[in-house]
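Taking it in order: structure first as structure tokens, then the write-up.
The values are calculated or read from the model by the stated rules, or taken from the named source; none is laboratory data. Only a predicted model underlies this, so the values are computations on that prediction, with no experimental measurement involved. Glycine gets a Cβ as well: all are built from the backbone with ideal geometry, and neighbour counts include every protein chain shown. The area values use the complete protein model at the heavy-atom level, side chains included, leaving out ligands, DNA and RNA. Shrake-Rupley method; radii C 1.70, N 1.55, O 1.52, S 1.80 Å.
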Amino acid sequence: HSSFESCCVTRVCDGCALAAQKRGMFDCAFCRTPMPNNDADKLAMIRARVKKKDPQAIYFLGQKYFFGSLGLQKDMRKAVELYTKAAELGSIDALFSLGDAYFNGHGVQEDVTKATTFFTKAAMQGHVVSRYNLGCDEGQKGNHGRAVRHWMISAKMGDNDS
């Protein structure tokens, strides 16, 4: 129920954006920057934030490389490189994405141990899906008590799959 704004690398709730539009303001509801009209302008705004070492912008650019959007060619290795940089700067979402990349072998050699390490780091910082994934991993290892504890934590945090 929110959208990611490439100008300020912030999530803005759809209600706030709608309220701003009703008042005649069609710029970003958070930073008041004019909205970019095309992918090249969006990418330029993101790259400007990446140069300033903004972890959310670095993670966002990594996502664009991972899925091949905003006119970028799909490059999973570049995505993992950007996720690593964003994680070093404190992005919890980047930690999760690194865990996912290592678990599935996207852009890196498949390594479940490394994936679990990244999921653990993200879960310790409050990432719900990482906590759920740790429960699944423990369940597959036969540690059902630990699995249930992970799932109980993720369920209390709002995860419906738990």
Self-check item: Positive minus negative residues near Ala20 (Lys, Arg vs Asp, Glu; Cβ under 10 Å)
Solution: +2
Self-check item: Simple label model, 7 Å out from Cα along Cβ direction - Thr117 to Asp159, nm
Solution: 2.1 nm
Quiz item: Hey, any idea what % of the chain's accessible area is carbon plus sulfur with a 1.4 Å probe?
Solution: 51 percent
Exercise. Please work out the C-alpha center-to-center distance from the range 18-43 to the range 95-138 and express it in whole Å.
Key: 35 Å
Exercise. Rounded to the nearest 10 degrees, what's the angle between the helix 112-124 long axis and the longest principal axis of the chain, both from Cα atoms, 0 to 90?
Key: 60 degrees
Quiz prompt | Solvent-accessible area per residue for the range 50-110 (1.4 angstrom probe, square angstrom) | solution = 53 Å²
Quiz item: Any idea what the relative contact order of the range 7-122 is, in percent, if you count C-alpha pairs under 8 Å spaced at least 6 apart?
Solution: 16 percent
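Looking at the chain, I'd like the Rg to Rh ratio, where Rg is from alpha-carbon atoms and Rh is Kirkwood's inverse mean 1/r.
Computed over Cα atoms, the ratio is 1.05.
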